[in-house]
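Here the structure is laid out as structure tokens; the discussion comes afterwards.
The values are calculated or read from the model by the stated rules, or taken from the named source; none is laboratory data. What you are looking at is a predicted structure, and each value in this text was computed from that prediction instead of being measured. Reconstructed Cβ throughout: ideal geometry from the backbone, glycine too, with neighbour counts over all protein chains shown. Heavy atoms of the whole protein, side chains included, go into the accessibility calculation; ligands, DNA and RNA do not. Shrake-Rupley method; radii C 1.70, N 1.55, O 1.52, S 1.80 Å.
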Amino acid sequence: MGRSVLVTGGNRGIGLAIARRLAGDGDSVTVTSRSGDPVEGLAVVRCDVRDAGSVDAAFSAVEHEQGPVEVLVANAGVTGDQLLALMSEDAFTSVLDTNLTGAYRVARRAVRGMMRMRRGRLIFISSVVGLYGSAGQANYAASKAGLVGLARSLARELGSRGITANVVAPGFVDSDMTAVLPQERKAAIMGAIPLGRYASADEVAGAVAFLAGPDAGYVTGAVVPVDGGLGMGH
Ligand code: NDP
């Protein structure tokens, strides 16, 4: 569709699948990574979402190369699992800083151009655990729940400017993030998923492509689950 798209954390995992899907649909797509290492077939810009200066520089580079960002996919995220009693304040705030404040930083920078264009799509990658909760993931779940409040507030603030803000809430997806889970935890999760399997990153990318595309012009403030039924509407 030839639009200017930026996918944070699009150098690997779910973000890479999203970037490849949108590029395949005809958009001009840049992905961020912290290293700036090349990614086959995609433009890359170095960006750490914990640093507003880095975010600003990345957007300026993208604007120069492919025009103002019309579709932002805020996908960059980390985990830092620990039971609350053992979770240091730094372990809590650092996950919030990347996952939630990082999304605020990129959205804030993106809407500058979107407001001028009077159109734009903000898509936040949350998680089923944001609304469902997850023992040992208080920091991560809080950050992912926060994205829902962020997106819905932006949907209200920016709707009159033709900008939509939506959330995709994946369940468990095969990626580096889930590869580190212990085998018994994986088996327990699998047992609770009605569809009995993990999602592929491409299945998450399909939901993002819908929200970014023309069929979702009247969809805003939505939380779209891609979780095999795990969350059951939560
Ligand atoms: P990965 O661990 O495979 O990839 C994480 C991505 O986030 C990488 O591209 C990484 O970049 C980027 N990133 C991390 N910290 C920063 C930062 N400070 N600044 C910029 N980029 C950063 O994870 P997934 O692909 O599995 O996850 C992608 C998103 O989907 C995350 O938000 C995650 O919470 C969410 N999600 C994942 C699920 C899963 O089961 N895997 C389920 C539900 C949601 P770099 O390569 O530079 O480190």
Using the structure shown, decide if residue 16 is open to solvent by less than 20 Å² (accessible area, probe 1.4 Å) and under 22 Å from residue 169 (Cα atoms). no
Can you say whether residue 80 is modelled with pLDDT of 95 or more and closer than 26 Å to residue 164 by Cα, as far as the supplied structure shows? no
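The rows are residues; the columns are (1) of a type outside the set (Lys, Arg); (2) away from the ligand (no atom under 16 Å from the Cβ); (3) open to solvent by 40 Å² or more (accessible area, probe 1.4 Å); (4) in contact (Cβ under 8 Å) with a residue 40 or more places away in the chain.
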position: 6; (1), (2), (3), (4): yes, no, no, yes
position: 35; (1), (2), (3), (4): yes, no, yes, no
position: 66; (1), (2), (3), (4): yes, yes, yes, yes
position: 74; (1), (2), (3), (4): yes, no, no, yes
Take residue 79 and decide whether it is open to solvent by 50 Å² or more (accessible area, probe 1.4 Å) and in contact with a Phe, Trp or Tyr (Cβ under 7 Å, 6 or more places away or on another chain). yes
Only one of 162, 149 that is loosely packed, with under 15 Cβ neighbours inside 10 Å, at pLDDT 95 or above and at positive phi: 162
Per-region count, the stretch 165-192, residues open to solvent by less than 30 Å² (accessible area, probe 1.4 Å) and away from the ligand (no atom under 14 Å from the Cβ): 2
State yes or no: is residue 169 more than 26 Å from residue 28 (Cβ to Cβ), in contact (Cβ under 8 Å) with a residue 60 or more places away in the chain and touching a Ser or Thr at 6+ places or on another chain (Cβ under 7 Å)? yes
Can you confirm whether the stretch 112-131 contains a residue that is without any contact (Cβ under 8 Å) to a residue 24 or more places away in the chain, outside any helix (DSSP H, G or I) and open to solvent by 20 Å² or more (accessible area, probe 1.4 Å)? no
